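Student: One structure coming up, written as structure tokens, with questions to follow.
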Amino acid sequence: MSHPDYRLNLRSLGTPRGVSSLVGPHGVGASPGDKKSKNKNTRGKKKSIFETYMSKEDVSEGLKRGTLIQGVLRINPKKFHEAFIPSPDGDRDIFIDGVVARNRALNGDLVVVKLLPEEQWKVIKPESNDKETEGAYESDLPEELCGSHLLQQSLKACNDSPDVIIEAQFDDSDSEDGHGNTPNSLVDGVKKLSVCVHEKGEEGAGAPVTKDENTLMSQDARASPEKSLQRSAKVVYILEKKHSRAATGFLKLLADKNSELFRKYALFSPSDHRVPRIYVPLKDCPQDFVTRPKDYANTLFICRIVDWKEDSNFALGQLAKSLGQAGEIEPETEGILTEYGVDFSDFPSEVLECLPHGLPWTIPPEEFRKRRDLRKDCIFTIDPSTARDLDDALSCKSLADGNFEVGVHIADVSYFVPEGSSLDSVAAERATSVYLVQKVVPMLPRLLCEELCSLNPMTDKLTFSVIWTLTPRGKILSEWFGRTVIRSCTKLSYEHAQSMIESPTRKIPEKELPPISPEHSGEEVHRAVLTLHGIAKELRKQRFADGALRLDQLKLAFTLDRETGLPQGCHIYEYRDSNKLVEEFMLLANMAVAREIHRAFPERALLRRHPPPQTKMLNDLMEFCEQLGLPMDFSSAGALNKSLTETFGDDKYSLARKEVLTNMCSRPMQMALYFCAGTLRDPAQFRHYALNVPLYTHFTSPIRRFADVMVHRLLAAALGYREPPDMEPNVLQKRADHCNDRRMASKRVQELSTGLFFAILVKESGPLESEAMVLGVLNQAFDVLVLRYGVQKRIYCNVVTIFSLVEVVLRAEATALKYSAVLKRPGTEGLLDPQEKQGCDHHSDQRED
């Protein structure tokens, strides 16, 4: 079967903003060893493009004095010349204009910046879209805050809806008017996800990059009282190179075949335009690349940056490997994993040596004497039907006084991962399992995560349990923590549990249920599920009454062809009562463990905090809602949740408007972070904004999160099972920082995997049509939320007919929340950017957060 020639749509970058054009006869910028680029006025020396970094001593002193500021660099994926770091005071982000000011730092690096003189700050006009003044956050919305949500009513077009047909455009991901803060869309690296059919000689047809009018620095503009300034800075030091320095992209020959440079280097063009172009030695390239470059035009390569000198526009790198044909699932997936530093290699022999050797493994007899034996209790798991790493199980027992004994039982992973072992080191480095659409990159060897630790049914398992005595209303009467042994009686899927919830009085036939151990019956499991559901509803009701917030986000799920692995279809994942049941008890366990470990180790407890929203962005959103007449209360998480719940009706357009506003509310939200309690002196900073609780941690998923393993060890020490931790708070904080970094990388990889599969689905399936609602209006484009798929798309005015454009702009300007448009996806042009991952073979991260 023949396929059209398709590849990732790349566009020539041109000279980076803020970089003087140092173009030699070969047609590209300055490079290593290029003598022809020397400036005569520099007496034989190359002209430096970038400033020399400050010394460590000067940086340390400047940070202490407050003359320098540190922060994580975020580069706008749609305007790669713009970058930002968060302001320490929570105000508007600090702006870094151009590649020169960025000084060779890459996205995600921890950098130190120096503020520029005020006359060089960015001018912001009040009528400008404020999204252009903030950094491009990547998936900042913590999973504790967001969930899956399904619009309950059909969103098919009605006869009376004034819809406009608008067409997507080629390669819009780096074009003019890219907004800065889209935490739940694929905002970087989307080039590699745009699977486009190329005709011979065709160039990308994206909107031209033009200078941002908001950055004009005329004195007249500064004198105007209607203008405001955004603090601007330049990078003077890179504290930590968190970016992997790896990129996927394509090889090209240099333009001038007669130059000396042509005989030494090829040009690597990264798919992610935030990464510079890279010179790679020809010796790293395929042997016939110079003579047959067209043979490699559609081949995806991995390149690693090894140096970037002060006098060169472009970096120097090494070609790591050829991945395969662009647009195919496995090459693209390997590129994504490599770019984000995910270790997907086989576990080394020294790690496998740490695993039990005598298989099948059985629990040593002495271990039973150290644990509470719960093997006769009715305990079961509830997971996605295809899940293989079963972290958690539930139990519910009726008591004579009308109350209930409810247990959350978590795989005792720490038993199998000795502290200080090679297995411990590798798991700590990986820090998290990475869930792609088609597979999982595990944190632990599969023998552990799918067999020995996984709470598979009808097998004795080691667990760590939290057991409560609860009233039917969910009030905690007593609480117990301890190591246990369980024997799960069955593996329920969410669908099984949902069926039980929806059929409280019907006896469910055995054929509709998974196998159940003979010691227990389907009726017993059914009763337990119904009781847990009733308590979970009360717990949830009380949580939101106490001020919790949830911003439900649409999530894509895919069906895959068993033979080819290609996506056959997609749908919005539905978050139902069975999901909520599990989530409530995982939250309850996480909060209980947080209190216990903080009580025992106030200086060494590993906790998870969620800072309040960014002040400036929240104020802007408040002002926006006031202008639209929306009665939104942003004073607290609970007030915001109540506003979102009560402001909108239940008709389809009200639900769509709620989706748009929920998306907007997610933008000011900050990331939830692991931290060591001893590194923060103000207990108010411990709080979790979305959950509105003083203490929180992660305990319930140790198979796939190393932070949970560390929490298990702390809890074991608190209960006297082992010696107290001897790590200093600053050492624990470094581990927490690493978990934060890897967790964020994992989320980005998951999102990019979703985008890849969605792009391939669109390519294979042809045009997809869905109603969309306007999110925001820019100078030459506007953003829409595609309701059927929960993805965002930018529509460029230069590809819409004049008649349609006038209608769309008028409607959009009236209010971004009142009108909808129909987005028609023709052929293989463009890409609808998915928001969240929801793979075919793993847990939803929302279950315990």
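Student: Looking at segment 108-126 only, could you name the residues that are modelled with pLDDT of 95 or more and either in a strand (DSSP E or B) or among the polar types (S, T, N, Q) (or both)?
Tutor: Across segment 108-126, the qualifying residues are LEU110, VAL111, VAL112, VAL113, LYS114, LEU115.
Student: With respect to ASP377, is the statement that it is under 30 Å from HIS533 (Cβ atoms), open to solvent by 60 Å² or more (accessible area, probe 1.4 Å), out of contact with any Asp or Glu (no Cβ under 7 Å at 6 or more places or on another chain) and assigned to a loop (DSSP other than H, G, I, E, B) true?
Tutor: Criteria not met by ASP377.
Student: Assess whether PHE80 counts as being in a loop (DSSP other than H, G, I, E, B), in contact (Cβ under 8 Å) with a residue 24 or more places away in the chain and crowded, with 23+ Cβ neighbours inside 10 Å.
Tutor: Against the criterion (in a loop (DSSP other than H, G, I, E, B), in contact (Cβ under 8 Å) with a residue 24 or more places away in the chain and crowded, with 23+ Cβ neighbours inside 10 Å), PHE80 qualifies.
Student: If I filter segment 330-338 for residues that are surrounded by 17 or more Cβ atoms within 10 Å (Cβ to Cβ), farther than 30 Å from ARG446 by Cα and touching a strand residue (DSSP E or B) at 6+ places or on another chain (Cβ under 8 Å), do I get at least one hit?
Tutor: no
Student: Does PHE347 qualify as being hydrophobic (A, V, I, L, M, F, W, C) and open to solvent by 20 Å² or more (accessible area, probe 1.4 Å)?
Tutor: Yes; evaluated as a whole, the condition is true for this residue.
Student: Of the residues that make up segment 706-719, is at least one small (Gly, Ala, Ser), open to solvent by 50 Å² or more (accessible area, probe 1.4 Å) and more than 23 Å from the chain's Cα centre (by Cα)?
Tutor: no
Student: Could you tell me whether ILE476 is closer than 21 Å to VAL408 by Cα and open to solvent by less than 80 Å² (accessible area, probe 1.4 Å)?
Tutor: So ILE476 passes the test.
Student: Looking at (1) in contact with a Leu (Cβ under 8 Å, 6 or more places away or on another chain); (2) within 30 Å of CYS739 (Cα to Cα), which is the one condition that is false for THR490?
Tutor: Exception for THR490: condition (2).
Student: Here's a follow-up. ASN258: surrounded by fewer than 19 Cβ atoms within 10 Å (Cβ to Cβ), in contact with a strand residue (DSSP E or B) (Cβ under 7 Å, 6 or more places away or on another chain) and outside the structural domain of GLY98 (by the TED database), yes or no?
Tutor: no
Student: Still on this structure: Scan segment 532-551 and tell me whether some residue there is among the charged types (D, E, K, R), modelled with pLDDT of 95 or more and not in a helix (DSSP H, G or I).
Tutor: Yes; the residues of segment 532-551 include at least one that is among the charged types (D, E, K, R), modelled with pLDDT of 95 or more and not in a helix (DSSP H, G or I).
Student: If a residue counts only when it is open to solvent by less than 10 Å² (accessible area, probe 1.4 Å) and closer than 22 Å to LEU554 by Cα, which helices (runs of 4 or more DSSP H) contained entirely in segment 579-668 have at least 3 such residues?
Tutor: 637-646, 652-666
Student: For segment 438-454, indicate whether the set of residues that are assigned by the TED database to the domain that holds ILE597, of a type in the set (Ser, Thr, Tyr) and open to solvent by 10 Å² or more (accessible area, probe 1.4 Å) is non-empty.
Tutor: Checked against the condition, which is being assigned by the TED database to the domain that holds ILE597, of a type in the set (Ser, Thr, Tyr) and open to solvent by 10 Å² or more (accessible area, probe 1.4 Å), segment 438-454 yields no hits at all.
Student: Just one of VAL426, VAL434 is within 28 Å of the chain's Cα centre (by Cα), among the β-branched types (Val, Ile, Thr) and open to solvent by 20 Å² or more (accessible area, probe 1.4 Å); which is it?
Tutor: That would be VAL426, the only listed residue that is within 28 Å of the chain's Cα centre (by Cα), among the β-branched types (Val, Ile, Thr) and open to solvent by 20 Å² or more (accessible area, probe 1.4 Å).
The values are calculated or read from the model by the stated rules, or taken from the named source; none is laboratory data. This structure is a prediction, so every number in the text was calculated from the model and none was measured. Neighbour counts run over all protein chains shown; Cβ positions are idealised from the backbone, glycine included. These area figures cover heavy atoms from the full protein model, side chains too; ligands, DNA and RNA do not enter into them. Shrake-Rupley method; radii C 1.70, N 1.55, O 1.52, S 1.80 Å.
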